Amino acid sequence: MYALSLLDKSPIAPGEGTVAALTNTVNLARKAEELGYRRFWVAEHHGTTELASSAPEVLVSWILANTSRIRVGSGGVMLQHYSPYKIAEVFNLLSSLAPGRIDLGIGKTPGGLPRSTAALQAYRSQKPEFEAQLSDLTAFLDNALADTPDETRAFPGPKPPVPAERFLLGASPDSARLAAFHGWDFVFAGHLNGDPENLQLSLDTFRKESGGRSAILALAAYASENAAYSAARISELKVFKVFLDNGQSVSLGRREQAEEFARQAGAKEYRIEERKPSVLHGTPESIHEELARLSTLHGIEEFILEPPAVGADERLASVELLARKRLSAAA
C-alpha cells in the first residue's frame, strides 16, 4: 500500500482573515497526524491576500509545537530568494528542535508576483543559477553533518542529531535529473503539471539516474461521499494562466491576479486563458482506485495530496474520508 501525505497552502476564505486560515492549517495538521498521514507540508506564496503561508519555516515550527509525531516540512522553500547557508541554518535548527520530524522541500519558482520577487531579492547584485544554489545548499547541509567539518566552508549550525529529509519539487525531467545528481528525493508536482507523458518521462529519469529510487507524486484531491457533489464543488474552481510576450507563463487563482502579474512584469502584450484546475475528485473509493492505478503504473510509494480551497470543514472531511478508506482497504 502507498503512503499518504498532505500539502496545505493556508487558503484565506472569503470573509475570514489570516488568523483563521492559519488556525485551519494547524487543525488540518492535527487531523492528519490523528489519521496516520506520513507528512504534512506547507507552501510558500508571496504578495497575495488569498494565501497565508508566506514563510513556511515559521509555520513549520508552529505546527511542530502543536503536533507530536507527524513529519512536518516545506513544500517548498523557494530557494531563488535566499542564501543557501541561511536555509541550511534554519532547517538544521528545526531538525534539532524536532529530531526525525523535519522535511526540507525546495522549489524553483518565485511563488509570487514580480514585485514580491523584486522585494525579496532587493539587496542581491545578481540572480544566481538555481543549480548552483542547490549545490551550495547540499554542501552546507552535508558540512553540518560531517564528523570533521570543512574549515573552508562556513558551518551552518547547529549540528542536528537527525538531519532533515531533502526533497526537490519539480515537474520536468530536468528537475528529476537535478534531484538525482545531488542525492535529493524527487517530488513530481502533478497538481501543477498533470501531463501523463511528462510525468512518465520525469519519473523514469529520476529512477534511472538515482539508482532505482521511487519518486513521490503530488496531486490535488477532493473526496466526498457523493461523486456528483464532488464534481460540482470542483467545477466552481478556476485557474487563470497568463502568457507574457517574453514567453513566460504563470497560473493564478483569479483573473485580476493574472492581469496584475502581467502589469508588474512590464508586459506590453499578454493573454489570459481560463482553465479548470487538475483536481482528482469523487468518492474516496474512486480516488483510491486512481491512486492505486498510478501507484502500479509508475511505482509510486507515496502521494502528497493537496486539498483544494473548498472551505475548512470540507477539506477536513475530505482528508478524513481518504484516510479512513485507505485504512479499511489495508485491513
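The values are calculated or read from the model by the stated rules, or taken from the named source; none is laboratory data. Predicted model only: the values in this text are computed from it and were never measured. Glycine also receives a Cβ, built like all others from the backbone with ideal geometry; neighbour counts cover every protein chain displayed. All accessible areas refer to the heavy atoms of the entire protein, side chains included, with ligands and DNA or RNA removed. Shrake-Rupley method; radii C 1.70, N 1.55, O 1.52, S 1.80 Å.
If I filter the stretch 183-197 down to residues being modelled with pLDDT of 95 or more and open to solvent by 30 Å² or more (accessible area, probe 1.4 Å), which single residue comes out as farthest from L104 (Cα to Cα)? If we take residues in the stretch 183-197 being modelled with pLDDT of 95 or more and open to solvent by 30 Å² or more (accessible area, probe 1.4 Å), then G183 is farthest from L104 (Cα to Cα). Inspection of the stretch 152-165 identifies at least one residue that is under 18 Å from the mean Cα position of the chain (by Cα), closer than 26 Å to L7 by Cα, open to solvent by 30 Å² or more (accessible area, probe 1.4 Å) and in contact (Cβ under 8 Å) with a residue 12 or more places away in the chain. Of the candidates L244, L169, L201, the single residue that is surrounded by 21 or more Cβ atoms within 10 Å (Cβ to Cβ) and touching a helix residue (DSSP H, G or I) at 6+ places or on another chain (Cβ under 8 Å) is L169.
Of R315, R293, R326, all but one fail to be under 19 Å from the mean Cα position of the chain (by Cα) and part of a helix (DSSP H, G or I); the exception is R315.
A single member of A122, A118 is within 22 Å of V58 (Cα to Cα), assigned to a helix (DSSP H, G or I), at pLDDT below 95 and aliphatic (A, V, I, L, M), and it is A118.
For A21, are the conditions met, namely being assigned to a helix (DSSP H, G or I), under 25 Å from L79 (Cβ atoms) and in contact with a Phe, Trp or Tyr (Cβ under 6 Å, 6 or more places away or on another chain)? For A21, the condition - assigned to a helix (DSSP H, G or I), under 25 Å from L79 (Cβ atoms) and in contact with a Phe, Trp or Tyr (Cβ under 6 Å, 6 or more places away or on another chain) - is not met. Right, P99: out of contact with any helix residue (DSSP H, G or I) (no Cβ under 9 Å at 6 or more places or on another chain) and touching a residue at least 60 places away in the same chain (Cβ under 8 Å) or not? Yes, satisfied. With respect to S224, is the statement that it is touching an Asp or Glu at 6+ places or on another chain (Cβ under 9 Å), over 18 Å from G112 (Cβ atoms) and either at pLDDT 95 or above or among the hydroxyl-bearing types (S, T, Y) (or both) true? Yes: the conditions hold for S224. If you check L6 against the conditions, is it touching a residue at least 24 places away in the same chain (Cβ under 8 Å), touching a Lys or Arg at 6+ places or on another chain (Cβ under 9 Å) and either surrounded by 15 or more Cβ atoms within 10 Å (Cβ to Cβ) or under 22 Å from L97 (Cα atoms) (or both)? The answer is yes for L6.
Checked against the criterion of being exposed (fewer than 15 other Cβ atoms within 10 Å of the Cβ) and under 21 Å from the mean Cα position of the chain (by Cα), the stretch 115-128 has no qualifying residue. Only one entry of E209, E236, E259 meets the criterion of being surrounded by fewer than 18 Cβ atoms within 10 Å (Cβ to Cβ), of a type outside the set (A, V, I, L, M) and over 24 Å from the mean Cα position of the chain (by Cα), and that entry is E259. Filtering E50, E57 for residues that are under 27 Å from A118 (Cα atoms), under 19 Å from the mean Cα position of the chain (by Cα), at pLDDT below 95 and surrounded by fewer than 23 Cβ atoms within 10 Å (Cβ to Cβ) leaves a single hit, E50.
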